[in-house]
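The values are calculated or read from the model by the stated rules, or taken from the named source; none is laboratory data. This is a predicted model, so every value here is computed, not measured. In this analysis, Cβ positions are derived from the backbone assuming ideal geometry, glycine residues included, and neighbour counts consider all displayed protein chains. Protein only, heavy atoms only, side chains kept; ligands, DNA and RNA dropped before computing areas. Shrake-Rupley method; radii C 1.70, N 1.55, O 1.52, S 1.80 Å.
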Amino acid sequence: MGIEIRKRSIDDGQELYEMLQEFPADENGLLNTMKDKSYSEYQEWLKKSVWESEQTELMNGWKVPSTGYWLFEDGIPVGFGSVRHFLTDALLQNGGHIGYGIRPSARSRGLGTKFLSLLLAESKKLGIGKALVTIQNHNIPSIRSALANGGKIEKITEVKHYIWFET
Ligand SMILES: CC(C)(COP(=O)(O)OP(=O)(O)OC[C@H]1O[C@@H](n2cnc3c(N)ncnc32)[C@H](O)[C@@H]1OP(=O)(O)O)[C@@H](O)C(=O)NCCC(=O)NCCS
């Protein structure tokens, strides 16, 4: 079966909910809004996520459309991520196009690097020619994954690396 990326869907089930509970609510800026939420809240979140991925304009005047993804290894969920379809000025400074994580029990085996390459391919399908990932300076695995995928460092501030990709 190997490595596979799938879009978030309203049919996603228990094993994905359980994986999300393995992630903290905020890890290096990767937000997991489903941490400690109930299963029914997760189901509502799935519906909202799918709806948001179908939008083309800003929502409520500030939120950009984004598409959520899962990474599977041999049919077992190992990561979650998302791609914003376009950026506002605020997201150019803080957020970027792509956010992703590998579940703690599956890290340091190359899956993060692979997931980022698959998310870049999805970004291209969404019409994003140049994708930005912003990474906290202490997050060495994420910076290394970005560089392994051909990312170019635009700038390094006191807090973050700003890394761009040609999709
Ligand atoms: C960042 C993250 C996705 C990387 O996933 P991963 O599957 O562990 O990464 P990989 O195994 O592909 O390793 C990526 C690189 O980091 C290095 N690395 C992995 N674990 C490391 C560690 N604990 N310390 C230092 N380097 C590490 C690898 O050697 C590799 O570098 P290389 O290509 O130069 O050899 C994962 O650590 C994670 O989910 N972190 C929490 C969420 C997060 O920070 N997301 C990114 C937000 S921008």
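The simple spin-label model puts a point 7 Å past each Cα toward its Cβ; for Met1 and Asn94 those points are separated by 3.9 nm. In this structure, the residue pairs whose Cα-Cα separation is over 31 Å, taken from Lys7/Lys152; Lys37/Lys160; Lys37/Lys155; Lys37/Lys152, are Lys37/Lys155; Lys37/Lys152. Which of Val83, Val133, Val64 moves most in a GNM of the chain, Cα contacts under 10 Å? With Cα springs under 10 Å in the chain, the top fluctuation among Val83, Val133, Val64 is at Val64.
Going by average Cβ neighbours within 10 Å, how do the peptides 31-40, 145-154, 66-75 rank, with the highest at the top? Write out the running numbers ahead of the final one.
Details: 31-40: 13.3, 145-154: 16.5, 66-75: 18.2.
Taking the mean over residues of other Cβ atoms within 10 Å, the ranking is 66-75, 145-154, 31-40.
When the chain is treated as a GNM with alpha-carbon contacts under 10 Å, the residue of Arg109, Arg84, Arg144 showing the greatest mean-square fluctuation is Arg109. Summarise the accessible area of segment 13-119 (1.4 Å probe, protein heavy atoms) by the percent that is carbon and sulfur. Carbon and sulfur: 50 percent of the exposed surface of segment 13-119. Within the same chain, aspartates and glutamates fewer than 8 places from Lys124 are excluded, and of the rest, those with a Cα less than 15 Å from its Cα are Glu166.
If R0 equals 30 Å, the separation of the Cβ atoms of Lys48 and Glu22 corresponds to a calculated FRET efficiency of about 0.85. Placing unit charges on the Cβ atoms of the charged side chains and taking the dipole of the chain about its Cα centre, the candidate lying farthest along the positive direction among His138, Pro65, Ile153 is Ile153.
With K and R counted +1 and D and E -1, the other residues having a Cβ less than 13 Å from that of Arg6 yield a net charge of -4.
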